[in-house]
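These notes are about the structure you will find just below.
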Amino acid sequence: MLVLLHRDYDDLSVAAARIIAAAVRRKPSLILGLASGGTTSGMYRELARMHRQEALDFSKTATFNLDEYIGLAPEHPRSFHYFMDDNFFSHVNIPRSKIHIPDGTVRTGYEEYCQSYEDAIRGAGGIDLQILGIGRDGHIGFNEPASSLGSRTRPKTLSRTTLEDNCRNFAPGEEMPTCAITMGIGTILEARRIILLASGSAKAKAVALAIEGPITASVSASALQLHPDVTFLVDEDAATELAQTEYYHRVMEMTAKLTPERLW
Ligand code: GLP
């Protein structure tokens, strides 16, 4: 586990974009696992800039998104489909046929549908690099507290904390979905490499529990401690509850000297 501490949100966003860009340049047919949420916007903006100005080519890249609200059609402005299109896909050259996001309009046969999403990931060769954000309740994807650490893609009821946090994206009076389809924790842990982005003081507690707390179903992100290649990108405000920051700084310095390519 590598913890990279960044001064602020902009630094963190550029660092995350550089990790993705380096991975795409190394393997153009990269299978990329993507997350939505405000934290990822800066990273997508930087990737779009790199595509425009530095010829970063996504034409062979395929993507699988973590989750989508149940009940929202792709064109719904609060859907994760819309968010991804608006923030990323409409600005780069990933072929539409290679973009996968769970379908929030599925009404029946969830089990078959979720299995088909898992099959598509496996059929593509598995996720090479998975991007994650983190919820205030420690969720990754929409794996709310008490999600099984071995869970697979499935429908999930949203926690009270998530409903409170994400309702800011919905207009007053607008009905917010209470369930989502999400990749499971077991699905996420199968990615070959994982990076998690956390920014802002609201995430500080969840970040500390995920990195330094015990592995527990109460904090889904703590399951990442089991993964052999996970990097946490954390800005100063999100790092305030971490106990070992001095040590993480020293690890960053050593990593930069010994294996600079691991920083991106
Ligand atoms: C949503 C998504 C997560 C995301 C989290 C944090 O609930 N399902 O994948 O990591 O929120 O969002 P934000 O970055 O807006 O704080």
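Among residues of the range 39-70 being buried (at least 16 other Cβ atoms within 10 Å of the Cβ) and of a type in the set (S, T, Y), the one that is farthest from the ligand (Cβ to nearest atom) is T61. Inclusion of T231 among residues that are at pLDDT 95 or above, buried (at least 19 other Cβ atoms within 10 Å of the Cβ), in contact with a Phe, Trp or Tyr (Cβ under 6 Å, 6 or more places away or on another chain) and among the β-branched types (V, I, T) is not warranted.
Among the candidates V3, V92, the residue that is touching a helix residue (DSSP H, G or I) at 6+ places or on another chain (Cβ under 6 Å) and surrounded by fewer than 20 Cβ atoms within 10 Å (Cβ to Cβ) is uniquely V92. For the subset of the range 20-33 comprising residues that are of a type in the set (A, V, I, L, M, F, W, C) and surrounded by fewer than 21 Cβ atoms within 10 Å (Cβ to Cβ), which member is farthest from the ligand (Cβ to nearest atom)? The extreme case among them is A22. Would you check if there is a residue in the range 123-135 being over 25 Å from L233 (Cβ atoms), touching a helix residue (DSSP H, G or I) at 6+ places or on another chain (Cβ under 8 Å) and among the charged types (D, E, K, R)? No, every residue in the range 123-135 fails to be over 25 Å from L233 (Cβ atoms), touching a helix residue (DSSP H, G or I) at 6+ places or on another chain (Cβ under 8 Å) and among the charged types (D, E, K, R). Inspect all residues belonging to the range 39-62 and state whether any of them is among the small types (G, A, S), at pLDDT 95 or above, under 30 Å from A202 (Cβ atoms) and touching a Gly at 6+ places or on another chain (Cβ under 7 Å). Within the range 39-62 (the criterion being among the small types (G, A, S), at pLDDT 95 or above, under 30 Å from A202 (Cβ atoms) and touching a Gly at 6+ places or on another chain (Cβ under 7 Å)), the answer is no, since none of the residues qualifies.
Considering only the range 143-170, state which residues are under 30 Å from R26 (Cα atoms) and within 15 Å of the ligand (Cβ to nearest atom). T153, the sole residue that qualifies. With respect to being assigned to a loop (DSSP other than H, G, I, E, B) and over 14 Å from the mean Cα position of the chain (by Cα), D11 falls outside the description. Residue check: S36 meets all listed conditions (1) out of contact with any helix residue (DSSP H, G or I) (no Cβ under 9 Å at 6 or more places or on another chain); (2) in contact (Cβ under 8 Å) with a residue 12 or more places away in the chain; (3) of a type outside the set (A, V, I, L, M, F, W, C); (4) within 16 Å of the ligand (Cβ to nearest atom) but one, namely (1). Residues that are closer than 18 Å to Y69 by Cα, surrounded by 13 or more Cβ atoms within 10 Å (Cβ to Cβ) and aliphatic (A, V, I, L, M) within the range 126-179 comprise L132, I134, I140, L158, L163, M176, listed in sequence order. Restricting the search to strands (runs of 3 or more DSSP E) fully inside the range 158-264 and requiring at least 2 residues that are touching a helix residue (DSSP H, G or I) at 6+ places or on another chain (Cβ under 6 Å) and in contact (Cβ under 8 Å) with a residue 24 or more places away in the chain gives 193-198, 230-235. With respect to D103, is the statement that it is closer than 15 Å to I20 by Cβ and acidic (D, E) true? Considered against the rule, which asks whether it is closer than 15 Å to I20 by Cβ and acidic (D, E), D103 comes out as no. The set of residues in the range 110-138 that are charged (D, E, K, R) and within 11 Å of the ligand (Cβ to nearest atom) comprises R136, D137.
The values are calculated or read from the model by the stated rules, or taken from the named source; none is laboratory data. Being a predicted model, the structure only gives us computed values, none of them experimental. Note: ideal-geometry Cβ built from the backbone for every residue, glycine included; neighbour counts use all protein chains shown.
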